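The values are calculated or read from the model by the stated rules, or taken from the named source; none is laboratory data. For clarity, every value in this text was computed on a predicted model and none was experimentally measured. Glycine gets a Cβ as well: all are built from the backbone with ideal geometry, and neighbour counts include every protein chain shown.
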Amino acid sequence: MNKLQAFNHSQRGATLIVGLIMVLVMTVIGLSAIRGSGLQEQMAGNMRDRQLAFQAAEAALREAEDGLNIPPEAYPVGTPGHIESLDESGSAFWRDFDNWQANAANYSEQIDHVNTPPQFLVESVDFYSSGVDGSSVDLANLLSRGMERRYRVTARAVGGSTDAVVILQSHYR
């Protein structure tokens with residue numbers, strides 16, 4: 001019995017220290033799991049915003065292309081969203097919000113959960129047509145074929161937040 005009492009007095013709280021270290025480790029693991037799930041939720045929200053913007057831009061692009069199927073007299077250059085061709089260095093044009101406000105037309109239907117209505121812009125592009133296969137032809141043959149009109153259709157949409165902006169472009173013949 002005396003040996004048992006001597007054994008109890010020799011313990012100095014090692015179990016308490018080990019237990020506290022285990023609680024600390026579990027707390028760190030729990031906090032990192034919470035932080036990771038919060039980051040994943042934020043990424044999913046950003047992806048949703050981008051998909052909303054993409055689908056809205058796609059709808060505006062299709063509406064603009066459908067408008068080109070009517071006779072040209074019904075959709076002349078100068079109507080909202082229809083302008084003459086920009087120069088080829090137009091990449092800065094698409095990034096400037098003021099250019100969109102001045103020249104673009106709004107999509108006709110209401111789309112839920114987007115920050116602003118999608119917009120579209122149709123550019124008339126006139127050029128001399130070369131051969132059917134894209135090969136070059138002599139100048140006399142080129143001038144005899146005349147000008148050919150094609151369209152560059154661009155749509156811009158914003159998702160649920162102003163951070164998600166999508167610009168889509170197609171060429172229509």
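Of all residue pairs spaced 6 or more apart or on separate chains, those with beta-carbon atoms under 6 Å, a first member in segment 96-116 that is among the small types (Gly, Ala, Ser) and a second member that is assigned to a loop (DSSP other than H, G, I, E, B) are Ala104/Gly81; Ala105/Pro80; Ala105/Gly81. Number of residues in segment 9-68 that are closer than 30 Å to Ser108 by Cβ and either touching a His at 6+ places or on another chain (Cβ under 6 Å) or surrounded by 11 or more Cβ atoms within 10 Å (Cβ to Cβ) (or both): the value is 23.
Figure legend. Inter-residue proximity from segment 65-91: first residues within 13 Å of Val153 (Cα to Cα) and modelled with pLDDT of 75 or more, second residues of a type in the set (Phe, Trp, Tyr) and part of a strand (DSSP E or B), beta-carbon distance below 8 Å, spacing 6+ or different chains. Indicated pairs: Glu65/Tyr172; Leu68/Tyr151; Leu68/Tyr172; Gly81/Phe120.
Before we move on, is Ile111 modelled with pLDDT of 90 or more, of a type outside the set (Asp, Glu) and either closer than 13 Å to Ala56 by Cβ or outside any strand (DSSP E or B) (or both)? Spelling it out, it is not the case that Ile111 is modelled with pLDDT of 90 or more, of a type outside the set (Asp, Glu) and either closer than 13 Å to Ala56 by Cβ or outside any strand (DSSP E or B) (or both).
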